[in-house]
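First up is the structure itself, then whatever we jot down about it.
What follows is calculated from the coordinates using simple rules that are stated; it is not laboratory data. Values in this document were obtained by computation on a predicted structure and should not be read as measured data. Using ideal geometry, Cβ is built from the backbone for each residue, glycine included, and neighbour counts are taken over all protein chains shown.
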Amino acid sequence: MYVRDARNRDEAWLLDHIEAMGLDETAFRSRDYVIAVDDESGTKVGFGRIRVHTGEPELCELTSLGVLESWRGQGVAAHVVERLLRNADIAEFDEVFALAPEPEYLAQLGFRAIDAGDLDERLQERLEAKRAGHDGDVIPMVVDPERFHMPDRLRKRFKDAHEEVVDETPDEEAPEDFGIDPDEATYKYDTG
């Protein structure tokens, strides 16, 4: 398993999975993404993005972090975050922000929650938009890329990652699924 920068030819795959997972595709540019790839099969299994907000000062936001369901729980997202933070550090960002619906996950990687009032106006607007489109709360977080910490257990899981079979067999449809009361309904060919 490894993480690489996205290429132009990854754009359709990225857009399909961003949409399927209901992630943020605002100001989409494939070159902002990194992709986790299974080195045995060549299968793309996860992705994430850093979005640079231009202006004074320039801000760096980690967003659109996603892992295919059959690859979750194996350290893929943590390694995507690690690569994104390395890219942000190379670009000389002292802070990387995240607007996190699952803050516990990022907290284990060294991110810390911050007060929404401490955010730059541009990120406050993004936070409001994310909160409006999300059922739960979205927590603003920040990390110094140099202080990022990869837990050993996630490094080991990533090293041993493999696709897990996910049961995608749809449940049998019942009359109630279509708004039919089976005790009261009559059917065209009912012979009873």
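Can you tell me which residues in region 27-37 are in contact (Cβ under 8 Å) with a residue 12 or more places away in the chain and more than 23 Å from Ala78 (Cβ to Cβ)?
Correct list: Ala27, Phe28.
Any chance region 96-106 includes a residue that's farther than 28 Å from Arg7 by Cβ, in contact (Cβ under 8 Å) with a residue 24 or more places away in the chain, not in a loop (DSSP other than H, G, I, E, B) and not small (Gly, Ala, Ser)?
Yes, there is a match, as at least one residue in region 96-106 is farther than 28 Å from Arg7 by Cβ, in contact (Cβ under 8 Å) with a residue 24 or more places away in the chain, not in a loop (DSSP other than H, G, I, E, B) and not small (Gly, Ala, Ser).
For region 132-141, give me each residue that is surrounded by fewer than 18 Cβ atoms within 10 Å (Cβ to Cβ) and in contact with a helix residue (DSSP H, G or I) (Cβ under 9 Å, 6 or more places away or on another chain). If you could, list the steps in order and put the result at the bottom.
Applying the first criterion (surrounded by fewer than 18 Cβ atoms within 10 Å (Cβ to Cβ)) to region 132-141 yields 132-137.
If the condition is that a residue be surrounded by fewer than 18 Cβ atoms within 10 Å (Cβ to Cβ) and in contact with a helix residue (DSSP H, G or I) (Cβ under 9 Å, 6 or more places away or on another chain), then Asp137 is the only one that fits.
What pairs come out if I take residues in region 6-21 that are acidic (Asp, Glu) and pair them with residues that are surrounded by 15 or more Cβ atoms within 10 Å (Cβ to Cβ) whose C-beta lies under 8 Å away, six or more apart or interchain?
Partner pairs satisfying both residue conditions: Asp10/Ser30; Asp10/Tyr33; Asp10/Ile35; Asp10/Lys44; Glu11/Ser30.
Name the residue, out of Gly55, Gly73, that is surrounded by fewer than 17 Cβ atoms within 10 Å (Cβ to Cβ), in contact with a helix residue (DSSP H, G or I) (Cβ under 8 Å, 6 or more places away or on another chain), closer than 23 Å to Arg155 by Cβ and not β-branched (Val, Ile, Thr).
Numbers: Gly55 fails: closer than 23 Å to Arg155 by Cβ.
Going through Gly55, Gly73 in turn, just one is surrounded by fewer than 17 Cβ atoms within 10 Å (Cβ to Cβ), in contact with a helix residue (DSSP H, G or I) (Cβ under 8 Å, 6 or more places away or on another chain), closer than 23 Å to Arg155 by Cβ and not β-branched (Val, Ile, Thr): Gly73.
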